[in-house]
Amino acid sequence: MDKKVYELINDQINAELYSAYLYMSFADYYEEEGLQGYANYYMIQAAEERDHALIFRNYLHDNGEKIKLGAIGQPDKEFTDFMGPLEAAGEHERYITARINAIYAAAAEVKDYRCMKFLDWFIDEQMEEETHADDMITKMRLFGSDAKALYDLDREYASRVYVTPSPLANA
Ligand code: FEO
């Protein structure tokens, strides 16, 4: 595998594990504030991010490469209102999208069609991630100031269940 493509994918394992850690910190915030549904949503999001790391890990192993795991950064955001984590999530997902695009660009440059095909799933996934993050911001903006509406929103997020991502389910 091309060295640059390898390094970007290996680093992406770390970025996805950091995402899991970040979302767990969001879940902690909501749980401590009494919004169990939002906490549930972000704990499932954390599990999905761990899965994303495993998908990249499997891809490197399937291609005969070794993994170099690095230290995971500390999530350092302090939140003062319920909107805070939602906006941070939207910003973070756009950052992750940019990283996936950079891997794709590096793979395209060396005509690594296998890697480009592998990344297609992540490109679709990032669109979903950004859409969901934006939707949560919109709903909080519209309904967050009304206690009953916020209660209903929290219940909606309490119903989210974990689903194994297809690249892992089919691995
Ligand atoms: Fe693994 Fe939320 O992107």
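The count of lysine pairs in the chain whose Cα atoms are under 24 Å apart, excluding pairs fewer than 8 places apart on the same chain, comes to 13.
Ranked from largest, the principal axis spans of the Cα set of the chain equal 54, 28, 26 Å.
Accessible surface of the range 38-171, 1.4 Å probe: 53 percent of it comes from carbon and sulfur atoms.
At most 10 other Cβ atoms within 10 Å plus a DSSP loop assignment makes a site exposed; report the longest stretch of the chain without any exposed trypsin sites (Lys or Arg not before Pro).
Values: sites that count: Lys66, Lys111.
Looking at the chain, 1-65 is the longest stretch - no exposed trypsin sites (Lys or Arg not before Pro) with at most 10 other Cβ atoms within 10 Å.
The GNM of the chain, with springs linking C-alpha atoms under 10 angstrom apart, assigns the highest mean-square fluctuation among Asp120, Asp135, Asp146 to Asp146.
The values are calculated or read from the model by the stated rules, or taken from the named source; none is laboratory data. Because the structure is predicted, anything quoted here is derived from the model rather than measured. Heads up, the Cβs are rebuilt from the backbone with ideal geometry, glycines too, and the neighbour counts pull from every protein chain shown. Calculation scope for accessible area: heavy atoms of the full protein, side chains included, ligands and nucleic acids excluded. Shrake-Rupley method; radii C 1.70, N 1.55, O 1.52, S 1.80 Å.
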